[in-house]
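J.: This is the structure I want to talk about, given as structure tokens.
The values are calculated or read from the model by the stated rules, or taken from the named source; none is laboratory data. Quick caveat: nothing in here was measured; it's all calculated off a predicted structure. Cβ placement follows ideal geometry from the backbone for every residue including glycine, while neighbour counts extend to all protein chains displayed. Only protein heavy atoms, including side chains, enter the accessible area calculation; ligands, DNA and RNA are left aside. Shrake-Rupley method; radii C 1.70, N 1.55, O 1.52, S 1.80 Å.
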Amino acid sequence: MNVDKTGSRVQQMFGEIAPRYDFMNHFLSGGVDYYWRWRTVRKVAPAGEAPILDVCTGTGDLAISYLKKTGGKTQVIGADFTHDMLKLALKKNNSAALNFLEADTQQLPFADNQFQIVSVSFGLRNVSDTRQGLKEMIRVCQPGGQVAVLEFSMPTNPLFRASYQFYFRHILPKMGQLLARNRQSAYNYLPESVSEFPYGKELADLMDECGLQGTRWYPLTFGIATLYVGTKPELSTERK
């Protein structure tokens with residue numbers, strides 16, 4: 001049975017958990033999510049003056065990480081279609097170089113070839129049409145620019161994988177629902193959506209099929225999360 005990722009359900013679910021979203025992310029990951037974002041902005045580092053876009057930005061943590069990495073000298077935009085998440089992101093923002101806007105990743109309100117980096121952290125699997133979300137991210141990325149996807153994955157070590165799956169499927173949902181009660185069972189949705197979403201070579205291949213080239217992937221923290229990095233072809237070789 002496929003996980004329900006309709007836009008209305010995802011919006012309502014994340015709207016309900018928004019007040020405790022940051023706390024739950026840090027608590028349930030043991031704080032390792034800070035490291036994952038730290039690694040992302042260094043592996044996919046800004047270069048030049050072109051702006052940066054973070055989609056499915058949630059409360060804006062990765063967008064803010066990019067802002068700090070550039071020293072506030074590069075325009076950073078965080079986009080999300082959940083209003084309650086963006087309200088929290090706006091409260092964190094004290095820089096004119098960082099802007100947040102309400103937008104669906106499947107239909108971004110930007111012209112082609114605008115951003116040196118287009119990133120998403122733990123949000124691509126929530127987009128109802130993964131291919132359409134990726135194609136939009138690639139469309140607004142500059143030729144030669146980078147698309148970065150930070151997403152949950154499954155560890156490859158059999159012993160660690162078994163222990164992690166038990167925690168992820170049985171303990172995390174109960175803790176999540178206890179601490180961030182919501183009608184949409186967001187912390188049951190989390191392991192369900194991760195289990196259905198491609199990872200490793202499968203996701204890297206999908207990114208290349210959507211228009212990137214040479215997508216690499218970098219497992220983080222024993223494979224609990226993975227960073228994928230693809231390059232948009234230059235205009236002379238860009239796929240039609």
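J.: First compute the accessible area of segment 91-184 with a 1.4 Å probe, then give the percent of it belonging to carbon and sulfur atoms. Could you put the intermediate results ahead of the total?
T.: Values: 2270 of 4510 Å².
Whole-percent figure for carbon plus sulfur exposure: 50.
J.: Under 28 Å Cα to Cα from LYS87, which lysines show up? Leave out anything in the same chain fewer than 8 places away.
T.: LYS87 reaches LYS5, LYS68, LYS69, LYS73, LYS135, LYS174.
J.: Moving to a separate point now. Nothing charged except the Cβ atoms of Lys and Arg (+1) and of Asp and Glu (-1): what's the magnitude of the dipole of segment 7-231 about its Cα centre? Round to the nearest 20 debye. Can you show the working numbers first?
T.: Values: 23 positive and 20 negative charges, 143 e Å.
Dipole of segment 7-231, to the nearest 20 debye: 680 debye.
J.: Further question on the same structure: Treat each spin label as a single point 7 Å out from the Cα along the C-beta direction, and report the LEU235 to MET175 distance in nm.
T.: 5.1
J.: With a 10 Å cut-off between alpha carbons and a GNM built on the chain, which of ARG125, ARG37, ARG169 moves the most?
T.: Maximum among the listed residues: ARG169.
J.: Starting at the first residue of segment 34-41, write each ³J(HN,Hα) from the Karplus equation 6.51 cos²θ - 1.76 cosθ + 1.60 with θ = phi - 60°, in whole Hz, x for Gly and Pro.
T.: Per residue, the Karplus-derived 3J(HN,Hα) values read 4, 5, 4, 5, 4, 5, 4, 6 Hz.
J.: Out of all DSSP beta bridges with both ends in segment 7-231, state the antiparallel percent to the nearest 5. Provide the component values of the computation, followed by the final result.
T.: On the way: 13 of 32 bridges.
Expressed as a percentage, antiparallel bridges in segment 7-231 total about 40.
J.: With every protein chain kept in place and ligands, DNA and RNA left out, what is the accessible area per residue of segment 37-130? Probe 1.4 Å, answer in Å². Please list the in-between numbers first.
T.: Values: 3950 Å² over 94 residues.
On a per-residue basis, 42 Å².
J.: Once the piece of chain linking PHE160 and LYS201 is laid out straight, how much longer is it, given 0.36 nm per residue of separation minus the C-alpha distance between them?
T.: Working: separation 41, 0.36 × 41 = 14.76 nm, distance 2.01 nm.
Length gained, PHE160 through LYS201: 12.7 nm.
J.: Modelled label-to-label distance, HIS26 and ARG131, 7 Å Cα→beta-carbon offset: nm?
T.: Those two pseudo-labels are separated by 4.0 nm.
J.: Hey, what did the chain get for relative contact order, percent, Cα under 8 Å, at least 6 apart? Display every interim value, and only then the final one.
T.: Working: 425 pairs, mean separation 48.1, N = 240.
Relative contact order of the chain: 20 percent.
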